[in-house]
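To keep things clear, I will list the structure first and then write my remarks on it.
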Amino acid sequence: MLEEIKFKKATMEDEEAIYELASSLDYTPSAILNDIEKNVFAHVELAYFEGVPIAILDYWITFDSSTIAIIYVSNKYRRNNVATHLLKRMYETLKDEGVKTIALEVRKSNTPAKNLYIKEGFKEINIKENYYADGEDAIYLVKNLESAPLILAIESSCDETSISITRNRKILSNVISSQIERHRKFGGVMPELASRLHIENVLYVLDAALKEASVMLEEIDAFAYTRGPGLVGALLVGLEVAKTLAFIYNKPLIPVHHLAGHIYANEYVTDLKFPLLAVVVSGGNTELIIMKDHLDYQIVGRTVDDAIGECYDKVARVLDLPYPGGVEIDRLAKQGKPTYHLPIPHVSSNYDVSFSGLKTHIINLVNSLKMKGEEINKADLACSFQEVALKELVDKVYQVADEYDVKQILVAGGVSANSRLKEILKNKYDNSHIELFFPPLSLCGDNAAMIARNAYHLYERKIFASLDVGVDPNWEITDFNKF
Amino acid sequence: MSNDRYGLLMDTSNIKMFIALCKNKEILVSKNLLFPRKQDELLVPEIKSLLLENEVNVKDLSFIGVGIGPGSFTGVRIAMAVAKTIAFALNLELFAIDSLMGYSNFNAPSIVIFNARSGRSYFACFDGLKSLMNSRIVSNEFALKFIEDHPNYVLRGDLRHLGLDVDTDVDAKSFLNYVSNQERVIDIKGLKPIYLKDL
């Protein structure tokens, strides 16, 4: 049943639900609505079952401690772990905020509630006599929370220098210095230039990330960096900075797989539900990955040649579109029609995909049209290309999602920003039993917040490296804990 | 707190990893280690053990001296990333020197050369603090001719690509002397390597 309950942060749109639930509470609806609308310390969570509000949690955060004002589940829905789940959601938020203790009062006669809190790790501190209006005593309970680590992550695998500081799911800063402009004149990323810009920019980015987060290096609990895959010279800059900081402050050093980072960017918008299918699509990678648990990656399909993003960039280049080409093709395709007949790549009966045949066909087509002096309708060609390339990908996504009976599909990597891919997948999965997620646009490209998110899970499992660790430009995600 | 000034010196511009620890004007310990292609992995752990062995905490350092190239592009960036990060994080004084200068002998006129590939050499010539020829890239023929014309100069650096059996270590005392005569780097964040090769 818990599966079908929808949990959400309350907004003023939930006014009706508040009135309905408040009838069974010691609180007036207006007090709760005030918490939702005006009280910056208050957090209100609701649970709905088939459109009916069934539970509420109202808690306050003041600096590093929290108080539960209301936790209530309708009679009919008790013993379904609804309260436990509400508390779990609260713990995550408290971790984001660096809260260390939670306190609450419960009526002495309310044994089921008291038992729930004891099970949740609350300790009885004292009895507050005559606490309630009707004269009943209150039991005062407190739980200490292990606060989530403050993680500083560095991403330098390609053409963005990024440093992020996070606590659990809260991004305190995520500074990205993009080199795109500098690489444009080369029509793509030039590795040595990328390395040079990383070493020139990295401390500016670090300084900005610390200032924006109002954090000092001494406060950081762990230093994470992208170990691969990526450009070796570029990766090395991030490695040395992370290593040096881990050494100076004697804190864990966490190597993170770049693609795992892209997948975990989605964890800023949703809890992961397993099994899930991660569709990793970027300029360097195209992989279909099944995850049955956190940090459990199984590659079920991948490109046998070019990455899809790489194919986009090369087609853009032959059409004389500026770098990065993926964005341009996406934009241009909207103005075109799929009038060009292009070959549909066929790899095999498994879940691998191929893009190089399609790319070669387009390059040859464009060159021969140019030679004949015929006009090329760029918009139509971009549209035709995009339709075929994405069909190649999404057909495999559909098959894998079915075979593994996944609960979620997470799209990850730079190409997750592609509007047509989003549209196709939304058409297929909106209103289905499979949840579809894209990272927020700001986290689609390379960024360090995603590296920090994956590092959080590695931190929990104490997957740390010694100071003699290196980088690996060809690191496989399944080897995420081998370095 | 004592008034001793501890300093850490490093250079990874060439195939060797040079690290040294100094106290005031004295070199306490120095190492020239040969780790082909492993400098990225081993520089920080080597610094850590160097400090440990000498019972100096990284937070007790007052300054860092680093060779910033020319040399292997990747190698130059490794020492620079480490040096810049320590100096930035701990607010230390940072001194940057030309890596060819770092390999020079402070007490004798020196010709310093590294392999720049494709028939060329990184080349410079120093006499103490005087730079007789600034760092530059020259053809190997020029380098050989210059050496022939200046028999009284000591040869420093790595000259094996010229068919000469010279492959010197960094002389820590000379390195420290050069470092001591530099202005400190004011803009630590903005410090850039010397590549001598444009893209």
Practice task
Could you tell me what % of all Cα pairs in the protein assembly as shown have separations over 42 Å?
Solution key: 42 percent
Problem - Rel. contact order, % - alpha carbon contacts under 8 angstrom, at least six apart, the stretch B:105-162 - result: 40 percent
Completion exercise
Against the 2.2 N^0.38 Å rule of thumb, the C-alpha Rg of the stretch B:105-162 sits at a ratio of 1.02
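Starting from the Cα gyration tensor of the stretch A:2-144, take the square roots of the eigenvalues, sort them a ≥ b ≥ c, and report rounded, prolate or oblate (rounded when a/c is under 1.5, otherwise prolate if a/b is larger than b/c, else oblate).
Rounded is the answer for the stretch A:2-144, as its axis ratio a/c remains below 1.5.
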Handout entry: Interchain or long-range residues, amide H under 5 Å from A:R169's placed H
Key = A:D96
Problem - Distance histogram in 10 Å bins (all Cα pairs of the stretch A:270-438, percent per bin) - result: 10, 40, 32, 14, 3, 0
Fill in the blank from the handout: Along the stretch A:47-63, Karplus-curve 3J(HN,Hα) (6.51, -1.76, 1.60; θ = phi - 60°) to the nearest Hz, with x for Gly and Pro, reads 10, 10, 10, 6, x, 9, x, 10, 7, 9, 9, 10, 9, 10, 10, 10, 6
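For chain A, what is the mean residue ellipticity at 222 nm derived from helices alone (per DSSP H run of n ≥ 4: -39500 (n - 2.57); sum divided by total residues; nearest 500 deg cm²/dmol)? Write down the numbers at each step before the final one.
Values: 14 runs with 180 residues, N = 483.
So the calculated ellipticity at 222 nm is -12000 deg cm²/dmol.
B:E148 to B:K59: FRET efficiency via 1/(1 + (r/R0)^6), r the Cβ-Cβ distance, R0 35 Å, to the nearest 0.05?
The formula returns an efficiency of 0.10 here.
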Handout entry: Convex hull volume per residue for the stretch A:155-293, taking Cα atoms only, in Å³
Key = 113 Å³
Practice task
Apply the membrane-span-like helix rule to chain A: whole DSSP H runs, Cα extent along the own long axis of at least 20 Å, mean Kyte-Doolittle hydropathy at least -1.0. List the helices found.
Solution key: A:82-96, A:191-213, A:232-249, A:356-371, A:378-403
Practice task
Obtain the radius of gyration and the Kirkwood radius of the stretch B:22-117 from its C-alpha atoms and give Rg over Rh.
Solution key: 0.96
Exercise for the section: Give the accessible surface of the stretch A:334-390 per residue, rounded to a whole number of Å², with probe radius 1.4 Å and ligands, DNA and RNA excluded. Expected result: 55 Å²
Problem - Probe 1.4 Å, all protein chains present, accessible-area order of A:W60, A:W475, largest first - result: A:W60, A:W475
Handout entry: HN-Hα J in Hz across the stretch B:12-26 - Karplus 6.51, -1.76, 1.60, θ = phi - 60°, x for Gly and Pro
Key = 10, 6, 10, 5, 8, 10, 9, 9, 8, 10, 10, 10, 6, 9, 9
Problem - Relative contact order [Cα under 8 Å, 6+ residues apart], the stretch B:6-106, whole percent - result: 30 percent
Problem - Kirkwood Rh (inverse of mean 1/r, distinct Cα pairs), chain B, angstrom - result: 16.9 Å
Handout entry: Per-residue ³J(HN,Hα) for the stretch B:175-186, Karplus 6.51 cos²θ - 1.76 cosθ + 1.60, θ = phi - 60°, Hz, x for Gly and Pro
Key = 4, 5, 4, 5, 4, 5, 9, 9, 6, 5, 6, 7
Exercise for the section: Take the alpha-carbon centre of the stretch A:197-244, take the same for the stretch B:57-85, and report the distance between them in whole Å. Expected result: 15 Å
Fill in the blank from the handout: chain B, Gaussian network, Cα under 10 Å: of B:L50, B:L176, B:L94, the residue fluctuating most is B:L50
Handout entry: Where GluC sites (Glu not before Pro) fall in DSSP loop in the stretch B:1-105, at most 15 other Cβ within 10 Å
Key = B:E55
Practice task
Let me have the 222 nm mean residue ellipticity of chain B computed from DSSP H runs of 4+ only, each contributing -39500 (n - 2.57), with the sum over all residues rounded to the nearest 500.
Solution key: -9000 deg cm²/dmol
Practice task
Can you tell me the FRET efficiency between A:E20 and A:D402 if r is taken as the Cβ-Cβ distance and R0 is 30 Å, rounded to the nearest 0.05?
Solution key: 0.15
Exercise for the section: Roll a 1.4 angstrom probe over the protein heavy atoms and tell me the percent of accessible area of the stretch B:105-162 that is carbon or sulfur. Expected result: 48 percent
Handout entry: Set of the stretch A:294-315 residues, backbone N closer than 11 Å to the point 7 Å along the Cα-Cβ line of A:I376
Key = A:315
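Which of the trypsin sites (Lys or Arg not before Pro) found in the stretch B:1-72 are loop residues per DSSP with 15 or fewer other Cβ atoms within 10 Å of their Cβ?
Those that pass, being in a loop and sparsely packed, are B:R5, B:K25, B:R37, B:K38.
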Problem - When each of A:K38/A:K95; A:K170/A:K428; B:K48/B:K84; A:K211/B:K192; A:K9/A:K292; A:K8/A:K273 is checked by Cα-Cα distance, pairs over 25 Å - result: A:K170/A:K428; A:K9/A:K292
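The values are calculated or read from the model by the stated rules, or taken from the named source; none is laboratory data. Because the structure is predicted, anything quoted here is derived from the model rather than measured. Note that we place each Cβ from the backbone using ideal geometry, even for glycine, and neighbour counts take in every protein chain shown. These area figures cover heavy atoms from the full protein model, side chains too; ligands, DNA and RNA do not enter into them. Shrake-Rupley method; radii C 1.70, N 1.55, O 1.52, S 1.80 Å.
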